[in-house]
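Below: the structure, in structure tokens.
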Amino acid sequence: MENTNSTNKKDKVLQTLVNIGTVVLFIFIIVVIYKFFIVRDYSNLREDFQDKKLNKDRFENTLSNTKTIYETSLETVFGNNKRLLCNMLPSMNENTNVCKVDDEPYIIYKFPIHIIKLIDGSILAVFNDGRMYQKDKMSSTMWKGPIVNSMPQGTVPLRMVSLSTDLKTLLGVGYNNILYLKEPKELSEGGGIHLSGEWKQVPNNSNIIYVLYDNKTNFLLSIDTNGKLFTKQSFDITSDNSELTTTLNNKPILRLYYDLNGNMFFIDTKFELYKFKDTNWKTSEIRDRRGVVGDKLQDMIYDNDGKMYGIVFNPETFIAQIMKQTSTFYLSSFKPLHLLSNSDKWSTNFVMSDQDIIKCKIGSIFEYITTTANHQNDNDDDPNFAYHKEIIDSKNRLRQFCANRGSNTQNINYDNYELLSSVENNSQKIGKLKNVIQNLMVYEPEKDRIEEKYSILNK
């Protein structure tokens with residue numbers, strides 16, 4: 001009997017220990033999952049997140065031996081802010097997430113340095129670590145990434161990404177100043193952009209820092225490492241380059257963009273935004289900046305409401321931050337998103353379609369338009385989309401009407417005196433004719449009937 005009681009006591013103690021051990025093991029597993037999976041993944045998806053782990057990635061022989069106009073401009077404008085410079089450029093040492101300033105280590109904040117919109121409405125960005133990240137829409141705060149095969153050769157950080165005119169072929173410029181592309185998915189795989197595909201070097205495209213397409217010729221334009229403009233000789237992006245003569249007067253530039261009307265913007269070496277006066281920008285003068293010097297821009301992209309999102313330098317926080325304009329004027333100031341109302345931040349005022357936004361960013365979408373011209377867009381069955389599309393088309397027709405008559409609807413700074421004089425003369429002639437007609441109709445028996453039929457005579 002005593003042996004039985006003793007055995008039962010031992011069994012109870014053993015069972016208690018097993019239960020305690022199970023609970024401890026369960027808690028340990030939960031902690032491990034939370035620490036190494038949930039926390040890590042959540043942090044990596046946050047915009048402007050801090051990555052506190054020390055990666056051992058080595059980027060060997062990825063940078064050009066000589067500084068480009070971009071790096072030189074960064075040092076000239078922000079040379080006194082070593083932490084900002086350190087955050088802006090991908091690290092080539094072992095600890096890619098640590099910035100050392102005067103031997104003091106700082107965690108590098110990760111943030112976008114170049115953004116584009118894809119045809120599905122999602123946002124694709126190159127971060128300051130040289131890798132690609134994606135989010136569903138601009139209003140989302142969560143970034144997915146880094147995307148697999150972000151970097152060419154697995155070791156070359158990206159400066160920027162863009163799209164070919166088919167909106168399926170991805171283009172990228174690395175920090176070795178070479179152009180790469182990702183071919184679209186096979187039709188058997190559904191076609192479309194292959195974000196995780198392998199980068200392939202594009203022949204005859206080296207010593208460049210930026211690319212977009214000419215909206216007139218559809219030829220690829222590039223900015224070289226000295227800030228000079230070049231154009232391809234044909235639509236073939238492997239064709240020879242020739243230097244493009246413009247009115248920039250040897251003024252080096254860093255970025256190029258279009259607006260909805262086909263006017264060209266550029267960012268100069270002080271990271272300030274300028275605009276050419278005419279749509280024929282290659283022969284056009286540059287508009288003078290008015291007012292105080294504006295925000296320092298790393299990159300920009302339009303929103304559907306016609307305002308710009310800008311990646312704006314924030315030296316006080318050592319980062320470049322996504323902000324938005326307060327109005328549609330191109331020199332309008334940018335404000336951090338958290339300081340804007342929801343209506344200003346995520347406006348539903350539909351002025352530009354996604355196609356418009358992409359075209360302004362990359363220059364041309366003619367292959368996409370040609371391919372889809374004879375196919376019904378899925379959105380055509382959406383009354384709301386059709387309504388906004390009709391508004392956009394009407395505005396575009398109005399802009400073109402005004403442009404053909406020497407007027408600029410975006411920025412009216414002058415009058416076309418020849419046109420105004422012609423209108424005034426015609427108005428005077430019409431007035432004289434109406435006076436003659438009215439004098440003749442004084443004794444006309446059918447006067448009332450005629451005036452009722454031709455109401456213009458009463459105006």
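Going by a ≥ b ≥ c, the root eigenvalues of the Cα gyration tensor, does segment 112-374 fall in the rounded group (a/c under 1.5), the prolate group (a/b larger than b/c) or the oblate group? Could the numbers behind the result be given before it?
Values: a/c = 1.36, a/b = 1.11, b/c = 1.23.
Here segment 112-374 falls in the rounded category.
Please sort by residue number the trypsin sites (Lys or Arg not before Pro) in segment 188-263 whose DSSP state is loop and whose Cβ has at most 13 other Cβ atoms within 10 Å.
Numbers: sites: 200, 216, 228, 232, 255; in loops: 216, 228.
Taking segment 188-263 and a limit of 13 other Cβ atoms within 10 Å, the loop trypsin sites (Lys or Arg not before Pro) found are 216.
Label point 7 Å out from residue 346 along Cα-to-Cβ: which residues of segment 136-151 have amide N under 13 Å?
136-142
Provide the gained length on full extension for the span residue 369 to residue 247, in nm with one decimal, where the gain is 0.36 nm per separating residue minus the Cα-Cα distance.
Going from the current span to full extension adds 40.8 nm.
Loop-only GluC sites (Glu not before Pro) in segment 140-208, please: DSSP not H, G, I, E or B, and at most 16 other Cβ atoms within 10 Å. Present the calculation step by step, with values, prior to reporting the outcome.
Numbers: sites: 186, 189, 198; in loops: 186, 198.
Sites meeting the loop and neighbour criteria: 186, 198.
For a footprinting-style exposure proxy, rank 206, 91 by other Cβ within 10 Å, fewest first.
Values: 206 16, 91 21.
Going from sparsest to densest Cβ surroundings: 206, 91.
Working out 0.36 nm times the residue gap between residue 200 and residue 234, then minus their Cα-Cα distance, what length gain in nm do you get to one decimal?
In short, 10.2 nm is gained.
Mind sorting 148, 202, 101 by how few other Cβ atoms lie within 10 Å of their own Cβ, fewest first? Intermediate values should be presented prior to the final figure.
Numbers: 148 10, 202 18, 101 13.
Result, fewest neighbours first: 148, 101, 202.
Taking θ = phi - 60°, what integer Hz values does the Karplus form 6.51 cos²θ - 1.76 cosθ + 1.60 yield along segment 171-182, in sequence order, with x for Gly and Pro?
For segment 171-182, the Karplus-derived couplings read 10, x, 10, x, 6, 8, 6, 10, 8, 10, 9, 10 Hz, x marking Gly and Pro.
Relative to the present Cα-Cα distance, how much length would full extension add between residue 183 and residue 327 at 0.36 nm per residue of separation? Please report the intermediate quantities before stating the final value.
Values: separation 144, 0.36 × 144 = 51.84 nm, distance 3.77 nm.
Extra length available between residue 183 and residue 327 comes to 48.1 nm.
Take the Cβ-Cβ distance between residue 284 and residue 101 as r, set R0 to 45 Å, and report the resulting FRET efficiency rounded to the nearest 0.05. Please list the in-between numbers first.
Numbers: r = 43 Å, r/R0 = 0.95.
So the FRET efficiency works out to roughly 0.60.
None of the figures in this text is laboratory data; all of them are computed from the coordinates on show. Just so it is clear, the model here is predicted, and its values are computed rather than measured. Glycine gets a Cβ as well: all are built from the backbone with ideal geometry, and neighbour counts include every protein chain shown.
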